[in-house]
Amino acid sequence: MKYLVKWTKQGSMKYISHLDIMRLFQRALKRTDIKLRYSEGYSPHPKMSIAQPLSLGYTSRGEYIEFETQTDLAAEDILGRLAGAMPEGIDIVSCSVLKDTKKAMGAIITKGEYLIGCDEAKTGKEIKALCEAAAYFKSMEKILVKKVQKKSGKETEVDIRAKVRSITVEEASSERALIRVVVDTGSNSHLNPELIIVKLKEYMGEKLQGLEFHVQREEMYTESEKGELIPLYLLG
Amino acid sequence: MFEIKSEIQKKIEKNVMRVEKPARYIGGELHSIKKDPEQVKMRVAFGFPDLYEIGMSNLGLQILYKVLNDIPDVQCERVYSPDVDFEGIMREEEIPLYTMETKTPVIDADIFAITVQYEMLATNVLNMIDLAGMEIFAKDRKESDPFVIMGGPCTYNPEPLAEVADAFSIGEGEEVWVEIMDKFREWKESGKEKIEFLKDLCEIDGMYVPSFYEFDYNEDGTIKEIRKTYDKAPDLIMKRIVQDLDSAPYPTEPVVPFISTVHDRAVVEIFRGCTRGCRFCQAGMIYRPVRERSKDKIKEIVKKQLEATGYEELSILSLSTGDYSQVEELVTELMQLCRESDVSMSLPSLRLDSFSFKVMDEIQGYKKSGLTFAPEAGTQRLRNIINKDISDEEIYSAARQAFELGWNSIKLYFMVGLPGETDEDLAGIAQIARNIVDIYKEQHGGKTGRLNVTVSVSNFVPKPHTPFQWFPQNTDAEFSRKHQFIKELIKPMKCVRLNYHDSATSYLEGVLARGDRRLNKAIAEALRLGCKFDGWGEHFDFQKWLQAFDNTGIDPEFYARRAWGYDEILPWDLIGTSVEKEFYLEENKKAAAGEITKDCREGCNACGVNKVFRC
């Protein structure tokens, strides 16, 4: 049976890389006696994958892992077993059975939702500048960013505005600012929120270049034919 | 998304993304232990003076972590050496050396324990103390600073670090650490001065407080006399051992790292000690007597460990697996256990017999990685001198079997610079490689095909507490000539590769191994000049070390390259391993005569161990 598990990555878990998280899950599954199916061939590997690797240093409330087990187990059973085997910082949110076992998550995901936060902008002036930068970003029709192509090494310009579905200031208090964005995520079109931060900093002017931002992934989505966002955990 | 953090945590957070492998510095691993602060009366920071990946692979630290945390009012936390990139940031941002579990400064702990696993860590030991914000020399430290207590195999000669440590724990730590904490609890409640705790420590067997001993020297630099300055300090510090391994604490829930480490797997120690008595081998002497863990206990540990960790690999640990009394039953049953739980197995140091081949064939299957033999010397004559019990015929028949079973990669370990060595012995190294190539050709229609022979040559470093402890180490020039000599002979063989160790590193290792108290200042000076991670080729700076010796008036040749007098007082004479000095002298004589000493399972060789411990 194939399962989709939603989990979070908080606290110092943000420093654990994609590959190390894979091993962490593999060992947690082993400890809880959930036997994975293995691929055939010369060097078999467990059928398990994490959708859309998260950048090192980001936290998340919407990570997904899918895997196939040798025997059928109730989704709640898997949820319960894994929940008890995770280190501090990783919480298991949900588990569902995936009926469509052919499609991989990476191919389904099209959008990702992120919170870009800053708790260092202490003065009202800084907060205001940040809000204005976000508004300016939103108002633009095109935002071109130079990008070096991996294969050819050629420099091209990419319009990142087209990859941002929405950008809103969610909170702007004296303590912190939170900006929520929904951006292209997946194998077709992808935007690293880091590029948004680069632009925001640019719009805020030189004085605020040193501000540190924190990024948290909130959710990942696939889209219906009408373009509605469907959070991944609803699949299955 | 935003959490409440301590000052240190904030600084770590802010900077750790700038360094390689941030996960080295964050803790929080599975089975790491954080206690309720209300419950904790004594805090031990346990330091491993090397990178996280190395330190996390060390079983000793995992054992003592468990032993200490099993004491209800003790919290033991781990500390590793930061890599140079993070150290730079720590110094710049004023982040003191901190513990992995609670991210509190080491200087706030009660005891800073440091395990010294090999000589080349000396500067790292000092650097940890410096990074913690303490003075390097014990005499300069404050009443409020933690006690620095060192242990580990390298402290069987504690003198090169004797002015840095407040105390040493000699030998195995399982029992002694409980006793140390009992004494500490009493002392802490008494509110007395630090010196009083050091005196208390003298009542515990195996504890060495170096400040209670003074060394006087002769004009020629040798030791004239060792004087006690506290009359209740012991005359001889006999190492501690755990007599019964089955009842000894063992980490069935070891800390499981997030990032991959050197030995990222479950590990079970099957016995301690070795009966073979190779004369160059310090481990073979200092870990006596042989104590086996029972097969049932081993299996119980393995089951628990695999359940608790989810590791995908199991390794067994000892000085020579093949010598375990029920090795065939044990290996067969462990393999069964591993098969059932989808775990792969790695079996180091098996004997070259048919059972081993059967097992290795089964374990490695299609992916045969490589087989390793350690003849150590190129001729039977020299192998007799060093008492390494392996014959040419054994090597060749093993190679023959290995090739038949489909292996085509063989590694051979040798040493150069051994006592009594001649060029004939060096030629013998190349000859063994040549004969192995010929065996392969014979079986493969005269072709070398996919054959891959690696000859690995290390430089012999005479170690304390061995029959060769008086022997002058070869000079760099001698080592280099020998490397070249072997290289020329091996060059014509296309499928044979030669590796050899850096001579300067071996020289420094030799100096530190047999160093005395005067070396403390040289090590501190080397650190001041920027030496650290000396065991890592990319960091080792021999010129700086020479400068450090020069600045402190130390002649390194005196330690490494001198023929020590058999009647000399040795810097490590205060430390007892239970093997008697007379035995080393006797063995030394037998070596010179080319006489072997049999494995002591075939009859007692009267090394002295059974006068102190149960064999």
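The values are calculated or read from the model by the stated rules, or taken from the named source; none is laboratory data. Treat the numbers as computed from the prediction; the structure is a model and nothing was measured. Heads up, the Cβs are rebuilt from the backbone with ideal geometry, glycines too, and the neighbour counts pull from every protein chain shown. Quick note on the areas: whole protein, heavy atoms, side chains included, nothing else; ligands and nucleic acids left out. Shrake-Rupley method; radii C 1.70, N 1.55, O 1.52, S 1.80 Å.
Structure values in brief
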{"read-out": "Residues that are among the acidic types (D, E) and within 28 Å of A:R31 (Cα to Cα), drawn from region B:297-327", "value": "B:E300, B:E307, B:E312, B:E313"}
{"read-out": "Any hit, region B:460-479, residues being in a strand (DSSP E or B), more than 19 Å from the chain's Cα centre (by Cα) and at pLDDT 95 or above", "value": "no"}
{"read-out": "Flag if B:P289 is part of a loop (DSSP other than H, G, I, E, B), away from chain A (no Cβ under 14 Å) and open to solvent by 50 Å² or more (accessible area, probe 1.4 Å)", "value": "no"}
{"read-out": "Helices (runs of 4 or more DSSP H) contained in region B:1-93 and holding at least 3 residues more than 30 Å from A:Q216 (Cβ to Cβ), touching a Pro at 6+ places or on another chain (Cβ under 9 Å) and open to solvent by less than 50 Å² (accessible area, probe 1.4 Å)", "value": "B:59-69"}
{"read-out": "Residues that are part of a strand (DSSP E or B) and either open to solvent by less than 20 Å² (accessible area, probe 1.4 Å) or hydroxyl-bearing (S, T, Y) (or both), drawn from region A:102-141", "value": "A:G112, A:Y114, A:L115, A:I116, A:G117, A:C118"}
{"read-out": "Region A:204-228, subset at pLDDT 90 or above, of a type outside the set (V, I, T) and surrounded by 16 or more Cβ atoms within 10 Å (Cβ to Cβ), residue farthest from the chain's Cα centre (by Cα)", "value": "A:H214"}
{"read-out": "Test for B:V327: is it more than 13 Å from chain A (Cβ to nearest Cβ), out of contact with any Asp or Glu (no Cβ under 6 Å at 6 or more places or on another chain) and at pLDDT 95 or above", "value": "no"}
{"read-out": "Search result, residues across region B:9-54 that are more than 12 Å from every other protein chain (Cβ to nearest Cβ), under 18 Å from B:L131 (Cα atoms) and under 32 Å from the mean Cα position of the chain (by Cα)", "value": "B:V44, B:A45, B:F46, B:G47, B:F48, B:P49, B:D50, B:L51, B:Y52"}
{"read-out": "Hey, A:C95 within 13 Å of chain B (Cβ to nearest Cβ) and of a type in the set (A, V, I, L, M, F, W, C) or not", "value": "no"}
{"read-out": "Residue satisfying condition, being within 14 Å of chain A (Cβ to nearest Cβ) and open to solvent by 30 Å² or more (accessible area, probe 1.4 Å), within set B:E312, B:E333", "value": "B:E312"}
{"read-out": "B:C274 vs. criteria under 27 Å from B:E602 (Cβ atoms) and without any contact (Cβ under 8 Å) to a residue 60 or more places away in the chain", "value": "yes"}
{"read-out": "Every residue from region A:46-69 that is within 14 Å of another protein chain (Cβ to nearest Cβ) and out of contact with any Leu (no Cβ under 7 Å at 6 or more places or on another chain)", "value": "A:L54, A:S55, A:L56, A:G57, A:Y58, A:T59, A:R61, A:G62"}
{"read-out": "Hits in region A:55-99 (condition: free of Cβ contacts under 8 Å to residues at least 12 places away in the same chain and in a loop (DSSP other than H, G, I, E, B))", "value": "A:A74"}
{"read-out": "Residues being within 14 Å of chain A (Cβ to nearest Cβ) and open to solvent by 20 Å² or more (accessible area, probe 1.4 Å) - total across region B:224-282", "value": "5"}
{"read-out": "Which numbered condition B:V579 misses (of (1) surrounded by fewer than 20 Cβ atoms within 10 Å (Cβ to Cβ); (2) under 19 Å from B:F471 (Cα atoms))", "value": "(1)"}
{"read-out": "B:V178 being under 22 Å from B:K297 (Cβ atoms) and either out of contact with any Cys (no Cβ under 9 Å at 6 or more places or on another chain) or surrounded by 15 or more Cβ atoms within 10 Å (Cβ to Cβ) (or both)", "value": "yes"}
{"read-out": "Top-ranked residue of region A:53-91 - restricted to ones that are open to solvent by 30 Å² or more (accessible area, probe 1.4 Å) and among the polar types (S, T, N, Q), ranked as nearest to the chain's Cα centre (by Cα)", "value": "A:S55"}
{"read-out": "One residue from B:T99, B:T123, B:T104 being open to solvent by less than 10 Å² (accessible area, probe 1.4 Å) and either basic (K, R) or more than 27 Å from B:D541 (Cβ to Cβ) (or both)", "value": "B:T99"}
